[in-house]
Amino acid sequence: MLAVAVLALSVVSSPSPNPMTAPPRHISAPLVSPVQLSKQAQAGKELFGLRCASCHGIDLQGSQYAPSLRGVGAANVDWWVSTGRMPASTGLRIEKHQQTPMFTRAEIDSLIAYVTSVAPGGPPIPPVYPSTDTALGRQVFVTNCQSCHGAFGQGATVGYGYLAPSLLQKSITDTEIVEAVRIGPAPMPHFDQAQIDQRKLDALVHYLSIVRTQAVSKINYGGAPMDYGGPTSEGFAAWALGMLTLYGVIRVIGTND
Ligand code: HEC
Ligand code: HEC
């Protein structure tokens, strides 16, 4: 992780040519030529060569533009690609957001097959089991996630220019949530079984699916959410209301002479 941070720093500090337009650099001989790739992994290798190798290297060794993918594991590849964060459009470590993925499910599976057969290791895609324990889920959320993602999961800035995105976006899936929890896309920490065991994780996913459904369909059981505009618009509304009231009071008690 330190290596990634150092790499990211060096990438930011040296203005480097855009890898998408830069001439192809020399690619060293494949590290894993003895590995017999399955048909699926072979398809993944071709896709990887087209879309990922310019930054991550065909041998997953990384480059000045991007970290090594050796041993990152299925959950990492799945999360970064299916949230649409990868393939990145620049090698700079700028914030990447949830967006429509570029690949189909089968293509993502083939990329995972390639990366994990060339360099095994790392977390597998974590399972999610149905849960109905809303109270436990809320407790897990409040203890571990609220400090960054906000009291309702609406998202918040977390310093150093990072944003903890809203967890109320319609497009976020249950699997993406458990993957994020287990891999911890920096600066988000990762949580292992000892911190959040399977039962708590399932409850957390259940709780988040409830708040997400409520937010998406704008159901609200209390307060005045003001179209989920967040604390800035709420604060402005409170200020404007206060000033108007004050103005009214001054008009009533004030005299003109
Ligand atoms: C233009 C350069 C670029 C391209 C193309 C690209 N990536 Fe990345 N990738 C990055 C950068 C930069 C990071 C680090 C991002 C961060 O940490 O915020 C990264 C991070 C990742 C990570 C997380 C690694 C870790 O250790 O946490 C995975 C997995 C990944 N990329 C997979 C892919 C796959 C699969 C493709 C092809 C579909 C791809 N990337 C294409 C630049 C790129
Ligand atoms: C230290 C602050 C921090 C904590 C604590 C934290 N997160 Fe995050 N989280 C982030 C940041 C920052 C990102 C964005 C990472 C990126 O885009 O590379 C993120 C991203 C995510 C995403 C991806 C959302 C998307 O737009 O695709 C999910 C899901 C998520 N977090 C869930 C959780 C859950 C569940 C917990 C509690 C178990 C949690 N996070 C705890 C900071 C945090």
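Just so you know, all these numbers are worked out from the coordinates, no wet-lab data involved. Everything numeric here is computed off the predicted structure, so don't read it as measured data. Heads up, the Cβs are rebuilt from the backbone with ideal geometry, glycines too, and the neighbour counts pull from every protein chain shown.
Some observations on this one:
- 13 Å beta-carbon shell around Pro130, net charge (K/R +1, D/E -1): -2
- Sorting the segments 209-218, 243-252 by their residues' average number of neighbouring beta-carbon atoms within 10 angstrom, most packed first, yields 209-218, 243-252.
- Distances between placed amide hydrogens fall under 5 Å for Val158 paired with Leu163, Ala164, all partners being 5 or more residues away or on another chain.
- Translational diffusion coefficient (Stokes-Einstein; Kirkwood radius from C-alpha pairs) of the stretch 134-219 at 10 °C, 1.306 mPa s, in µm²/s: 123 µm²/s
- Total formal charge among the other residues, if their Cβ is under 11 angstrom from that of Thr173, Lys/Arg +1 and Asp/Glu -1: -2
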